[in-house]
Protein chains: 2
Amino acid sequence: MTTIAILGGGNGGFAAAAHLQSLGHTPQLYNRSEETIAAIQEAGGVEYSGAAGDGFASVPVITTDLEEALDGAEFIMVCLPAIAFSGLATQLAPHLDGSRPILLNPGSTGGSLAFRETLRDAGCDSVPPIGETNTLTYICRKRGDDHIHISSVVENVRFASVPAAERDAFEDVLEDAYPSPTPVENVLHTALSNVNAVLHPPGILLSAAWIEHTDGDFRFYYDAGTPAVANVMSDLDEERRAIADAWGLDVEPFPELFADIGSTSKEAGESGSFLRMLRESEPNKEIKAPSSVDHRFFNEDIPFGLVPMQTLARIADVQTPTIDSLITIASSITQSEYRADGWTIDRLGLPDDMAAVEEEL
Amino acid sequence: MTTIAILGGGNGGFAAAAHLQSLGHTPQLYNRSEETIAAIQEAGGVEYSGAAGDGFASVPVITTDLEEALDGAEFIMVCLPAIAFSGLATQLAPHLDGSRPILLNPGSTGGSLAFRETLRDAGCDSVPPIGETNTLTYICRKRGDDHIHISSVVENVRFASVPAAERDAFEDVLEDAYPSPTPVENVLHTALSNVNAVLHPPGILLSAAWIEHTDGDFRFYYDAGTPAVANVMSDLDEERRAIADAWGLDVEPFPELFADIGSTSKEAGESGSFLRMLRESEPNKEIKAPSSVDHRFFNEDIPFGLVPMQTLARIADVQTPTIDSLITIASSITQSEYRADGWTIDRLGLPDDMAAVEEEL
């Protein structure tokens, strides 16, 4: 069994610590702020319930000291929002010797490339294999400061790594923990399969006024899963698939992917209808809208989802008017510089040439 | 006093017929469909109430026969949605001898240019002066089939004509009927002062899911007049002013214009705050949202508002990312071809060169 440093004390970090411990691994959990982990430090672990069973997972290391969490760990799992990757990679750089794989769970769009680039910038000579999943491996929410409820362990999670050839480094842990993890050829495939980047921006954009008027008092995926949202999502997805196609990657239509990871009905997935896909998404049905537009559906899914998709489109000379427009209007809504702040070609550390990029993978 | 052919039997046509008759003019009202005018034909005129007084305006000609409405008219006022301009101009062409001015009330963005181009295409050798206002001269709604309620006769309506030099042809009627009509130098100024094109697209786009979920059961300008909508409207307005600037036109910031036509408080107008402008818009406060996204806030204000603004921006080499994005997402929401169907450079009959355009005005 494996000693796994879990970096991040949000929903994902708590779920991973509890679930991996329940499977016999040894989790060592790090979080930057003391407040988030004070309750589990006192309890000595995490209560959990739901799809991974009910119980108490003892976590031997729970710390705000990154070195302590890494001590003795053979595998590093990052469960943090993409905006934290750059700071974390800079901090991690001096502790790496190339031997411990780093899994970004999830990687947003191109997280492994951005992470690698930051490690290199920070002077890390021994960059380990960096893997990424296309969506967080859990649907989960904290129920209190020391209790995580896992409503689903996600099926068929896509994963890949840079370098692509070192994907094996991730398979043992992933195959032990998750139902049918699905390897794909390279991180451009996981990048272009970022579930949140397709699922969130159309809905939050087309319900921004509703969110602000009601503080998000409606069901985001279900009530705001209307024909208009489905239309924009469908146009966005057509562009995503055109980008993948240009890169020679065979990504499935989004409703199929969404059904495949267990987030909507098989029939909705096969129908190809985005509206039906939203209507028949049982795990998401009751989830409320964000209480404000200052939310990760904009702040993460635009700069670390749609902006890097746009970057991959530009290198491949693919037009993406819907993606471009969503970025522009989202930036206007929150008065942010998502394009400048996101994962552009420089931040992904990629050359501006398809063949050269493929060599970098 | 003047015999005025009023073309269009919607809110605007009814209001104009009643109001102009109450001032002593002779309205002759045309509408394409019988159904819309059957009740006023039977009554022999229009009941009216509100800001122009209460009464019954006798309308001697109420007809579905265009020639009958034009017979003896010295002035033509078009109160129709922009999408009807092309069909109407084609029908009108054989009846024109260049002597009767045509006023588009309102002209959307560039309506007079599009109207002139269609007349020319239809073989009209004697194109009369064509004027346009920047907003409908009334805030009004029908209360039944033969009753129009006018809540406001709009102040300081901007107007201009093609050719610009023949603007005098409109002044007598406008100055008699409206409080302080405001002449501007040419129709690019009215085009870029199209109130609806700034006021509607951000709000309907950012509340599209809300509209579809509730059938528009909220107040459009007030409840959906949130900070996010104000931010997008502000960025849109910055681009509109940059276009005007490139054309050498001194248009005011939108809150100032909106206050000037009496649609929000003077203080809100002076503050420059779009949020305050929306919050303090008393005439619009109680107006409900459209019951569907298949509505003129998209179907008119995008192809005949933002698309021609984009056209004027392109000729002047001004970048308009917010306007472009609103057009793209709106087209996606309603699955329409607004860019192709709207007033492009060909439909406006303009050359692709600023100096040459200015000669055409």
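Here are B:270, B:238, B:280: which of them is over 18 Å from the mean Cα position of the chain (by Cα) and under 30 Å from residue B:360 (Cβ atoms)? Give the derivation first.
On the way: B:270 fails: under 30 Å from residue B:360 (Cβ atoms); B:280 fails: under 30 Å from residue B:360 (Cβ atoms).
Answer to the check: B:238.
Report, ordered by the first and then the second residue, all pairs with beta carbons closer than 8 Å, sequence separation of six or more or different chains, a first member in the range B:320-342 that is within 7 Å of another protein chain (Cβ to nearest Cβ), and a second member that is acidic (Asp, Glu).
Sorted first by the residue in the range B:320-342, then by its partner, the pairs are B:321/B:239; B:322/B:235; B:322/B:238; B:322/B:239; B:325/A:324; B:328/A:324; B:332/A:235.
Only residues in the range A:236-265 that are under 26 Å from residue A:283 (Cα atoms) and free of Cβ contacts under 8 Å to residues at least 24 places away in the same chain count as the first member; pair them with residues that are buried (at least 19 other Cβ atoms within 10 Å of the Cβ) and small (Gly, Ala, Ser), Cβ under 7 angstrom, at least 6 apart or cross-chain, and list the lot.
Listed by first residue and then by second, the contacts come to A:255/A:268; A:255/A:269; A:256/A:269; A:259/A:268; A:259/A:269; A:264/A:281; A:265/A:259.
Looking for whichever is of a type in the set (A, V, I, L, M, F, W, C), over 22 Å from the mean Cα position of the chain (by Cα) and not assigned by TED's automatic domain parsing to the domain that holds residue B:311 here; the options are B:89, B:38. Which one fits? Give the steps one after another, and end with the answer.
Details: B:89 fails: over 22 Å from the mean Cα position of the chain (by Cα).
Unique residue meeting the criteria: B:38.
If the requirement is being farther than 14 Å from residue B:193 by Cα, part of a helix (DSSP H, G or I) and within 14 Å of another protein chain (Cβ to nearest Cβ), which of these qualifies: B:209, B:224?
Working: B:224 fails: part of a helix (DSSP H, G or I).
Result: B:209 is the single residue among B:209, B:224 that is farther than 14 Å from residue B:193 by Cα, part of a helix (DSSP H, G or I) and within 14 Å of another protein chain (Cβ to nearest Cβ).
Look at residue A:159 and say whether it is surrounded by 18 or more Cβ atoms within 10 Å (Cβ to Cβ), of a type in the set (Phe, Trp, Tyr), at pLDDT 95 or above and in the same structural domain as residue A:305 (by TED's automatic domain parsing).
The answer is no for residue A:159.
If you take the residues of the range B:82-97 that are closer than 14 Å to residue B:72 by Cα and not acidic (Asp, Glu), which of them is surrounded by the fewest Cβ atoms within 10 Å (Cβ to Cβ)? First the steps, then the outcome.
First, pick out the residues of the range B:82-97 that are closer than 14 Å to residue B:72 by Cα: B:95-97.
In the following step, the residues that additionally are not acidic (Asp, Glu) were identified as B:95-96.
Numbers: B:95: 16, B:96: 19.
Of everything passing the filter in the range B:82-97, B:95 is surrounded by the fewest Cβ atoms within 10 Å (Cβ to Cβ).
What number of residues within the range A:15-45 are in contact with an Asp or Glu (Cβ under 6 Å, 6 or more places away or on another chain) and crowded, with 18+ Cβ neighbours inside 10 Å?
So the answer is 1.
Confirm whether residue A:12 is surrounded by fewer than 24 Cβ atoms within 10 Å (Cβ to Cβ), assigned to a loop (DSSP other than H, G, I, E, B) and not aliphatic (A, V, I, L, M).
Numbers: surrounded by fewer than 24 Cβ atoms within 10 Å (Cβ to Cβ): yes; assigned to a loop (DSSP other than H, G, I, E, B): no; not aliphatic (A, V, I, L, M): yes.
No, not satisfied.
Yes or no: residue B:173 under 27 Å from residue B:46 (Cβ atoms), in contact (Cβ under 8 Å) with a residue 12 or more places away in the chain, touching a Pro at 6+ places or on another chain (Cβ under 7 Å) and away from every other protein chain (no Cβ under 14 Å)? I'd like the intermediate steps shown before the answer.
Working: under 27 Å from residue B:46 (Cβ atoms): yes; in contact (Cβ under 8 Å) with a residue 12 or more places away in the chain: yes; touching a Pro at 6+ places or on another chain (Cβ under 7 Å): no; away from every other protein chain (no Cβ under 14 Å): yes.
Considered against the rule, which asks whether it is under 27 Å from residue B:46 (Cβ atoms), in contact (Cβ under 8 Å) with a residue 12 or more places away in the chain, touching a Pro at 6+ places or on another chain (Cβ under 7 Å) and away from every other protein chain (no Cβ under 14 Å), residue B:173 comes out as no.
Report yes if residue A:318 is more than 22 Å from the chain's Cα centre (by Cα), at pLDDT 95 or above and either part of a helix (DSSP H, G or I) or among the hydrophobic types (A, V, I, L, M, F, W, C) (or both), otherwise no.
On the way: more than 22 Å from the chain's Cα centre (by Cα): yes; at pLDDT 95 or above: yes; either part of a helix (DSSP H, G or I) or among the hydrophobic types (A, V, I, L, M, F, W, C) (or both): yes.
So residue A:318 passes the test.
Could you grab me the full set of residues in the range A:322-361 that are outside any loop (DSSP other than H, G, I, E, B) and hydroxyl-bearing (Ser, Thr, Tyr)? Walk me through it before giving the result.
Let us first name the residues in the range A:322-361 that are outside any loop (DSSP other than H, G, I, E, B), namely A:322-334, A:338-341, A:345-348, A:354-360.
A:322, A:325, A:328, A:331, A:332, A:334, A:338, listed by residue number.
Restricting the range B:257-310 to residues that are under 21 Å from residue B:322 (Cβ atoms) and among the polar types (S, T, N, Q), which is surrounded by the fewest Cβ atoms within 10 Å (Cβ to Cβ)?
Once the filter is applied, the top-ranked residue is B:273.
Going by what's in this entry, would residue B:311 be described as touching a residue at least 12 places away in the same chain (Cβ under 8 Å) and assigned to a loop (DSSP other than H, G, I, E, B)? Before the answer, list the steps.
Details: touching a residue at least 12 places away in the same chain (Cβ under 8 Å): yes; assigned to a loop (DSSP other than H, G, I, E, B): no.
Against the criterion (touching a residue at least 12 places away in the same chain (Cβ under 8 Å) and assigned to a loop (DSSP other than H, G, I, E, B)), residue B:311 does not qualify.
Check whether at least one residue in the range B:186-198 is assigned to a helix (DSSP H, G or I) and within 14 Å of another protein chain (Cβ to nearest Cβ), and report yes or no. Walk me through it before giving the result.
Initial filter on the range B:186-198 (assigned to a helix (DSSP H, G or I)): B:187-191, B:195-198.
Now narrow it down to the ones that are within 14 Å of another protein chain (Cβ to nearest Cβ): B:198.
Yes - at least one qualifying residue is present in the range B:186-198.
The values are calculated or read from the model by the stated rules, or taken from the named source; none is laboratory data. Worth saying up front: this structure is predicted, and the values here are computed from it rather than measured. With ideal geometry, Cβ positions are generated from the backbone for all residues, glycine too; neighbour counts draw on all protein chains shown.
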